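K.L.:
Provided herewith is a single structure, encoded as structure tokens, for subsequent inquiry.
The values are calculated or read from the model by the stated rules, or taken from the named source; none is laboratory data. Predicted model, so just to flag it, every value in this text is computed and none were measured. Note that each Cβ is placed from the backbone with ideal geometry, even for glycine, and that neighbours are counted across all protein chains shown. All accessible areas refer to the heavy atoms of the entire protein, side chains included, with ligands and DNA or RNA removed. Shrake-Rupley method; radii C 1.70, N 1.55, O 1.52, S 1.80 Å.
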Amino acid sequence: MPLGLWLATNAVGLLAIPSGLWAVAVWRADQRWKRINAAFERVASFDATPGTRNAMMILKSRSRPIPLFDASAPLKDRYCRVSWGDAKRALIPTQFNRDTTAKTNALRDCFEDMMNRMTQIEMAITSGRLSEADVCHIVEPWVHRLNRWVEDDGLTRNFRIYLWFEHKVAVRRLFRRFGDGMQVRQKEWLAFCAEYDVDPHCLIAAGLTEI
């Protein structure tokens, strides 16, 4: 078949190819922006969940009333005063924690929720949906707060140790992006072991070669 005749016969199909490719490209771009927008909304609503909101309030204040229990409960049963000492006990890694009271369990759930939100942010950065610049306004203040050796009843120390023993790899990676991998100082680890009667050499049993 002569080339001219073949082109004339298949003109419609040939013209449809660029249109189809364009439609696919537009669809992919639209899906990408939807994913990016969803990730931005996740960052903007970082403290939207009750657990994360409570954890952030606890870290900001040495002692304050926190709506720790079921929102459907009467106010007198919903709120309780939480100190840094209470939060420190909740952040003892589960293998060492002998405190199973409702208050301690509820506090641990709050911090777990915050760590889950941080994990989601790290996953969004890793996948390319967000950049470090997009989330620095959320993460940097917490890096600064949790990386200080201060007289806070051991709260920040236990937070870092909890990340290691509970294998919160994504959270540590997120903090490392902003200058700190939540490394536990030796003096903190030894103080923790002395306070809770923990064998300082138990790291190997926990699957950790260093801390």
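K.L.:
Which members of the stretch 123-140 meet the condition of being assigned to a helix (DSSP H, G or I) and either open to solvent by less than 70 Å² (accessible area, probe 1.4 Å) or at positive phi (or both)? Spell out the reasoning first.
P.N.:
From the stretch 123-140, those assigned to a helix (DSSP H, G or I) are 123-126, 132-140; that's our starting set.
Matches in the stretch 123-140: ALA124, ILE125, ASP134, VAL135, CYS136, ILE138, VAL139.
K.L.:
Could you list, ordered by first residue, the pairs with Cβ atoms under 9 Å in which the first is in the stretch 183-208 and farther than 22 Å from ALA90 by Cβ and assigned to a helix (DSSP H, G or I) and the second is modelled with pLDDT under 80 and open to solvent by 90 Å² or more (accessible area, probe 1.4 Å), at least 6 apart or interchain?
P.N.:
LYS187/TRP149
K.L.:
How about the stretch 150-178: which of its residues are of a type outside the set (A, V, I, L, M, F, W, C), open to solvent by 70 Å² or more (accessible area, probe 1.4 Å) and under 21 Å from GLU122 (Cα atoms)? Write out each step before concluding.
P.N.:
First pass over the stretch 150-178, keeping only residues of a type outside the set (A, V, I, L, M, F, W, C): 151-154, 156-158, 160, 162, 166-168, 172-173, 176-177.
Filter once more, keeping what is open to solvent by 70 Å² or more (accessible area, probe 1.4 Å): 151, 153, 167, 173, 176-177.
HIS167, ARG173, ARG176, ARG177 - these are the residues of the stretch 150-178 that are of a type outside the set (A, V, I, L, M, F, W, C), open to solvent by 70 Å² or more (accessible area, probe 1.4 Å) and under 21 Å from GLU122 (Cα atoms).
K.L.:
Determine whether ILE92 is surrounded by 17 or more Cβ atoms within 10 Å (Cβ to Cβ) and outside any helix (DSSP H, G or I). Step through it out loud before you land on a result.
P.N.:
Details: surrounded by 17 or more Cβ atoms within 10 Å (Cβ to Cβ): yes; outside any helix (DSSP H, G or I): yes.
Spelling it out, ILE92 is indeed surrounded by 17 or more Cβ atoms within 10 Å (Cβ to Cβ) and outside any helix (DSSP H, G or I).
K.L.:
Given (1) more than 21 Å from LEU163 (Cα to Cα); (2) of a type in the set (D, E, K, R); (3) in a helix (DSSP H, G or I), where does ASP109 come up short, assuming only one miss?
P.N.:
(1)
K.L.:
Let me spell it out: the conditions are (1) more than 22 Å from VAL143 (Cα to Cα); (2) free of Cβ contacts under 8 Å to residues at least 24 places away in the same chain; (3) of a type outside the set (Asp, Glu), and ALA90 meets all of them except one. Which number is the exception?
P.N.:
(1)
K.L.:
Another question, if that's okay. Please specify each residue of the stretch 62-72 satisfying the condition of being assigned to a loop (DSSP other than H, G, I, E, B) and open to solvent by 30 Å² or more (accessible area, probe 1.4 Å).
P.N.:
Applying the first criterion (assigned to a loop (DSSP other than H, G, I, E, B)) to the stretch 62-72 yields 62, 68-72.
ARG62, PHE69, ASP70, ALA71, SER72, listed by residue number.
K.L.:
Still on this structure: Consider LEU7 against the criteria (1) touching a helix residue (DSSP H, G or I) at 6+ places or on another chain (Cβ under 8 Å); (2) closer than 30 Å to ILE138 by Cβ; (3) surrounded by 10 or more Cβ atoms within 10 Å (Cβ to Cβ); (4) modelled with pLDDT under 85: it satisfies all of them except one. Which criterion is unmet?
P.N.:
In the conditions (1) touching a helix residue (DSSP H, G or I) at 6+ places or on another chain (Cβ under 8 Å); (2) closer than 30 Å to ILE138 by Cβ; (3) surrounded by 10 or more Cβ atoms within 10 Å (Cβ to Cβ); (4) modelled with pLDDT under 85, LEU7 misses (2) alone.
K.L.:
Which of (1) at pLDDT below 90; (2) out of contact with any Phe, Trp or Tyr (no Cβ under 8 Å at 6 or more places or on another chain); (3) surrounded by 12 or more Cβ atoms within 10 Å (Cβ to Cβ); (4) closer than 25 Å to PHE192 by Cβ does CYS110 not meet, given it meets every other one?
P.N.:
(1)
K.L.:
When the residues of the stretch 73-87 are filtered to those that are part of a helix (DSSP H, G or I) and farther than 16 Å from MET115 by Cβ, which remaining residue is most open to solvent (accessible area, probe 1.4 Å)? Explain how you work it out, then say what you get.
P.N.:
First, the residues of the stretch 73-87 that are part of a helix (DSSP H, G or I): 75-78, 84-87.
From the residues that got through so far, the ones that are farther than 16 Å from MET115 by Cβ too are 75-78, 84-86.
Working: LEU75: 120, LYS76: 163, ASP77: 77, ARG78: 63, TRP84: 27, GLY85: 14, ASP86: 22 Å².
Top of the filtered list is LYS76.
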